[in-house]
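Reading through the structure tokens given below for one structure.
The values are calculated or read from the model by the stated rules, or taken from the named source; none is laboratory data. Quantities reported herein were computed from a predicted structural model and do not represent experimental measurements. Cβ atoms come from the backbone with ideal geometry, glycine included; neighbour counts cover every protein chain shown.
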């Protein structure tokens, strides 16, 4: 499930990424690597099991679709910044999250994963492609990248542990789940 962006190190960062942003790039990469590692611990069935969030009911697959939707949005905004047509605005977070959940809920895992990893690559490509650092772009990267991943990592870790425990624990009785 890894891609080329995950294999990067601070020594191979794009020339346009100034030293001041190297730590942000590395944090994004490290947190995405952690998300990937947690996802890889699960079976496809577990990735689609509800319980990551309960209201509304999200699965790990829904989380990954959610992250991908925000990465895609960040790319659009960064491209607008690059084209000098960016207009700052407040995103309709709850509405967008609900629309993403509805649109992707029945999609297979492989499609959701591919779309999200593609959105991540495109988001980073747009950011790295800026001719100079831009604080609005950096804010979008934080919103959709490392900070956003960080908001979800704790719950993801806990939910993955619960799912793996259910799969691997010794059944004392055939009535055990």
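Looking at segment 1-52, which of the residues that are modelled with pLDDT of 65 or more and not in a helix (DSSP H, G or I) is surrounded by the most Cβ atoms within 10 Å (Cβ to Cβ)? Step by step, filter segment 1-52, then rank; the result is 52. Please find, among 166, 153, the residue that is touching a residue at least 24 places away in the same chain (Cβ under 8 Å) and either part of a helix (DSSP H, G or I) or crowded, with 16+ Cβ neighbours inside 10 Å (or both). It is 153. Number of residues in segment 85-131 that are over 30 Å from residue 46 (Cα atoms) and either touching a residue at least 12 places away in the same chain (Cβ under 8 Å) or assigned to a helix (DSSP H, G or I) (or both) equals 10.
Within segment 53-76, the set of residues being in contact (Cβ under 8 Å) with a residue 40 or more places away in the chain and either in a loop (DSSP other than H, G, I, E, B) or farther than 29 Å from residue 157 by Cβ (or both) comprises just one member, 56. One residue stands out in segment 93-123 among those that are modelled with pLDDT of 95 or more and more than 16 Å from residue 61 (Cα to Cα): the one that is surrounded by the most Cβ atoms within 10 Å (Cβ to Cβ), namely 123.
Taking the listed residues 136, 126, the one that is crowded, with 16+ Cβ neighbours inside 10 Å and touching a helix residue (DSSP H, G or I) at 6+ places or on another chain (Cβ under 7 Å) is 126, with no other qualifying.
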